[in-house]
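Below is one structure; the comments refer to it alone.
The values are calculated or read from the model by the stated rules, or taken from the named source; none is laboratory data. Treat the numbers as computed from the prediction; the structure is a model and nothing was measured. Positions of Cβ are backbone-derived with ideal geometry, glycine not excepted, and every protein chain shown enters the neighbour counts. Heavy atoms of the whole protein, side chains included, go into the accessibility calculation; ligands, DNA and RNA do not. Shrake-Rupley method; radii C 1.70, N 1.55, O 1.52, S 1.80 Å.
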Amino acid sequence: MRCIVLLPFELDPQIIHHIIYSQAGSIGKAIIELLMNSVDASATAVRLTMSKDGFSCVDDGTGFASRDDVLRYFGRFGTPHQEGDATYGRFRLGRGQIMAHASTAWQSNRWQMIVNTRSMGYNYELEDLATVTPGCHITGSWYEPLTDAELMSAVQEVRDLVRYTPVRVELNGRLITRDPHAEKWDFEDEFAYYRAKEDGAVSIYNQGVLVRHDPGHFWGAGGLIVSKKAIALNVSRTEILRKTCPVWKSIAKQFGTLADAVAARLGDHRKTQARREKSARALLSGDPKIVHIYENEEVITILPGKHHITLSAFLHKSQWKHGGKITIVENGFDVPKGEAIAREGIAQVVHPQTLQRFGCYSPEDFRECLERIAHNIREDVANNGTQLWGVRALFIPELIDFATLREAFLERTRVISEKDVLDKETRRAWVALRWCIQQYAGACSGGEMYRDGRLRYNDEHKMHILLGESNTAEAWTDGKTYIAIDEKIVQRLKNEPLKTTAYIFGLVEHEVAHQGDSLDCGHDEAFYQRYHDISIRMSPERQRYIHMWLMKYTASMESEGKKASGKAWAERYLVDRAGSGRQKRGLSRVIDDVSSHPVVTSAVPEESMSFINSVNFRLVTAGLCPPPPDWSDVIEKARLVQLEMAEQHRLEMAEQHQQEAALQADQQAADDALYQEYQDELNTCRARYAALLGVEPTEISDDALNYIYHTTDSDESIRTAWAEKEWGQFYDPDYPDFHEAMEQQQADQVEDPRLRLDVALRDLVQTGETWWGLERNAAAAGFFRVEEYLQWRASEQQAN
């Protein structure tokens, strides 16, 4: 006959160690748990101070009402809250986090509790006080004093996490919370406040405390959610129980509607980064609308110009314009070289942002994603009857190694004769233009002018304006004798004369601002200041010189008896008509009449071939004009290198899996042997203890055996432990310390975090912050990347 017994699950005493240490992420998170406890205790205000040595947290809540409450709710971890008696708490575990970082003293009403896990283990001292301390007053001393950087990081973390808490929170004397009722929201219901925006992360606050940031691709939009009701979270309060929480399901449905409305307002002609990421993930997951997304959503970013196109257009372009081959830029530092390679039409170049969008870490990962998407599309067409032309011939491009192309691509810069590359009409516009911008460049650089407005002939600022050819630059200068404009820009004068002229004037201002050779230099703060000053100071003169060019260009056509037509004629006619119309009303002209200005009437000197040859000689000598490589050979080499890399990666992964399997097997065998040895020793001790105590071995439970084995060292202590049943309050006084200083953290604290960031983000780092601290705050605020955290923090500070 079978004997079936219903037994309860047991809680090992070591779970206390886990509750205190394993959930203790950071000091900021631990402090937040104290603030949430204050809210649960019906506090209306919390005063918090933090220093390098310790902290203080004072609230005006109810505190502990009786000694039994202290024993039941402070001394015992896991006592559940009753429904409705707490805003945040569920199982009274959160206070354990601060115990991992500091020795603490808790005063509430007539009781004081002292906790120091390092000297007292997992016990606490309880003392009756003679005087009443209203609410709860917690003070603590860090086990290791904080550095300035660690303190700053912890303070910032607390500020980030408690923005909308329902109580007034002061941190070091400054109010850090905000009332959501006083802010404007896109929507509000009984569950939450909602605000949606075009892009960025979605910040989710559980009743005012930050839980996490959902990436924008989750929703296709960014925004902010502040719940009014409690959202079900995991034990560490870092993730939402999305499948089971009814409050979250209602919130998610409402915010999803707002996110879709934001996307609809943008229309099909403006796609955000969040929408592109959401579409990319939808392609990978086999979304029911996968064919529509494939044909209409811009999920691929290519070079040049960081151009966004659909996956359909990308595959078609790769197949028919680039021989079925693509290359992927993996590092942002290589984007400029990738731009140049793409402009030359050497290969279809994919921007590294595409890898991030599809969650890829290498080009091979991206190709595997394309194969998965193709499989998903074929499945959708086969199973659902979705119409897609050419689905059976869905093309997956071949990868070629970008590094091989990058090494073969050499910067080629030379000066060319306008007679060799420009047709008659383009040259007519260019000749008039180079004369005008020569005068303008001299004026921008502070040259001395004649009374008639021309630049002095022998002025040191008078530079030749040349036509150039470059695969990396639209314009360049040596800072002394010439400025060259790339012929691909000048060729646009024929179809868009005025737009192109305005663009060239901007290039000239840029080159003048370099004040030296622009081929081998960057753009520092001083350059941007000079460029700013020139563009503002010379803006009236720029318009005047553009008008001179219009007069000179159209006058050259008039001299040949040509009929007044074309865009340049139309622009000149419009200016003249507006000027005469104002004069009839007694007003000044739109632009002064420059038809008789010396710049307009004087003849333009012919280009100097001797000067062009000397410039090219210097460029060749400097290695800036090498012969082009045979790109067909380079592309084939890049293809073979990529295949070799893919095979090497496959072999390395196979070897790694084998090694991991062998290590796991060895570790399991060692663990099994160690466990068996431990069990044998326990069984031997059980028999010895039973003989000493005069009981049967079966009467000694596993808890009692483990306690006696780990904590006693004499026959007398064994008898005492057995008589007092001490294992009910078991703790291990020799448990290893989990507060070891990490060498990597110390190294990160010394390093300037700005060195790891793009130039545009460096100003967002506050003085004294470290990369280690930024990583910790980013993780605490729910971000995977420091860059995203800095941008979010800056937007929050602006909002405040």
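Of everything in segment 371-400, what is free of Cβ contacts under 8 Å to residues at least 40 places away in the same chain and touching a Phe, Trp or Tyr at 6+ places or on another chain (Cβ under 9 Å)? Give them in sequence order. Within segment 371-400, just ALA374 meets the criteria. Residues in segment 287-303 include none that are polar (S, T, N, Q) and crowded, with 23+ Cβ neighbours inside 10 Å.
Take segment 163-209 and flag every residue that is of a type in the set (Gly, Ala, Ser), part of a loop (DSSP other than H, G, I, E, B) and more than 26 Å from LYS52 (Cα to Cα).
GLY200, ALA201, GLY208
The selection criterion, being outside any loop (DSSP other than H, G, I, E, B) and at pLDDT below 75, does not hold for ARG110. Of all residues in segment 390-403, which are outside any loop (DSSP other than H, G, I, E, B) and either crowded, with 22+ Cβ neighbours inside 10 Å or not charged (D, E, K, R) (or both)? Result: VAL391, ALA393, LEU399, PHE402, ALA403.
Taking the conditions (1) open to solvent by 60 Å² or more (accessible area, probe 1.4 Å); (2) under 23 Å from the mean Cα position of the chain (by Cα) in turn, ALA282 satisfies each one other than (1).
Within segment 176-211, restricting attention to residues that are surrounded by fewer than 19 Cβ atoms within 10 Å (Cβ to Cβ) and hydrophobic (A, V, I, L, M, F, W, C), the residue that is nearest to ARG785 (Cα to Cα) is TRP185. Against the list (1) under 36 Å from the mean Cα position of the chain (by Cα); (2) open to solvent by less than 80 Å² (accessible area, probe 1.4 Å), the condition MET645 fails is (2).
Among the residues of segment 260-272, at least one is surrounded by 14 or more Cβ atoms within 10 Å (Cβ to Cβ) and part of a loop (DSSP other than H, G, I, E, B).
Evaluation of VAL226 against the conditions (1) surrounded by 15 or more Cβ atoms within 10 Å (Cβ to Cβ); (2) in a loop (DSSP other than H, G, I, E, B) shows that the sole unmet condition is (2).
Scanning segment 589-617 for residues that are of a type in the set (S, T, N, Q), modelled with pLDDT of 80 or more and not in a helix (DSSP H, G or I) gives SER602, SER608.
Within the option set ARG372, ARG406, ARG367, ARG427, being out of contact with any His (no Cβ under 8 Å at 6 or more places or on another chain), open to solvent by 40 Å² or more (accessible area, probe 1.4 Å) and either in a loop (DSSP other than H, G, I, E, B) or under 30 Å from MET609 (Cβ atoms) (or both) holds for one residue only, ARG427. The residues of segment 409-424 that are part of a helix (DSSP H, G or I), open to solvent by 10 Å² or more (accessible area, probe 1.4 Å) and in contact with a strand residue (DSSP E or B) (Cβ under 8 Å, 6 or more places away or on another chain) amount to a single one, VAL421. Can you name the residue in segment 756-778 that is buried (at least 18 other Cβ atoms within 10 Å of the Cβ) and part of a helix (DSSP H, G or I) and, of all such residues, is modelled with the lowest pLDDT? Checked segment 756-778; the qualifying residue modelled with the lowest pLDDT is ARG776. Within this structure, LYS567 passes the test of being over 30 Å from SER445 (Cβ atoms), surrounded by 11 or more Cβ atoms within 10 Å (Cβ to Cβ) and at pLDDT below 65.
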